[in-house]
Amino acid sequence: DNQIKSLHPIINEAIKYIQDLKMNFNFCVGIGGNMERMGKVNSLISDRANPRQLTLNELIKMYDVLNSCSVGKRMKLFDLKADQADVIIPAIVMSIYFMQTAIALDLHIPNVGIKDGVILEELKLIR
């Protein structure tokens, strides 16, 4: 927990925001390359047909499986590039922590990325 909280002030702010809401969430939404890779890796580990949805338990299992592998083994077994195989563990840890904080059991991964959100925000400013 302390390692995660010390990672970055923005993460601390997001966690505090979630805790201050004092609500339970049915699900979380994750976007970006790490999330998409987590969905694909989970499909290989759990035989889930839909790589756009994960459960908290699947994330925990994925962490256990990947954390027991070297970066090289992660690359080979799960078709990850070196930088992907290296950063997927911290991404999983953060996802687990956010989901546990939000008391959410499911993670949805829509087919959009951070760039899509920035473009939409820019379009709002133009109008």
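Tallying residues that are in contact with a Lys or Arg (Cβ under 9 Å, 6 or more places away or on another chain), under 28 Å from Gly117 (Cα atoms) and of a type outside the set (Gly, Ala, Ser) within segment 36-54 yields 5. If you go through segment 42-71 and pick out every residue that is in contact with an Asp or Glu (Cβ under 9 Å, 6 or more places away or on another chain), open to solvent by less than 40 Å² (accessible area, probe 1.4 Å) and under 15 Å from Ser95 (Cα atoms), you end up with 4.
Filtered by the rule that a residue be surrounded by fewer than 18 Cβ atoms within 10 Å (Cβ to Cβ) and in contact with a strand residue (DSSP E or B) (Cβ under 8 Å, 6 or more places away or on another chain), segment 74-113 gives Leu105, Asp106, His108, Pro110. Only a single criterion out of (1) modelled with pLDDT under 90; (2) more than 23 Å from Ile15 (Cβ to Cβ); (3) crowded, with 17+ Cβ neighbours inside 10 Å is not satisfied by Asp116, namely (3). Sub-8 Å Cβ pairs linking a first residue in segment 98-127 that is within 23 Å of Phe27 (Cα to Cα) to a second residue that is among the acidic types (Asp, Glu), at least 6 apart or interchain, are Ile109/Glu36, ordered by first then second residue.
The values are calculated or read from the model by the stated rules, or taken from the named source; none is laboratory data. This one's a predicted model, so the numbers in the text were calculated from it and none came from an experiment. Every residue, glycine as well, gets a Cβ built from its backbone with ideal geometry; the counts of neighbours run over all protein chains shown. Each accessible area value is taken on the protein alone, full model and side chains, heavy atoms only, with ligands, DNA and RNA left out. Shrake-Rupley method; radii C 1.70, N 1.55, O 1.52, S 1.80 Å.
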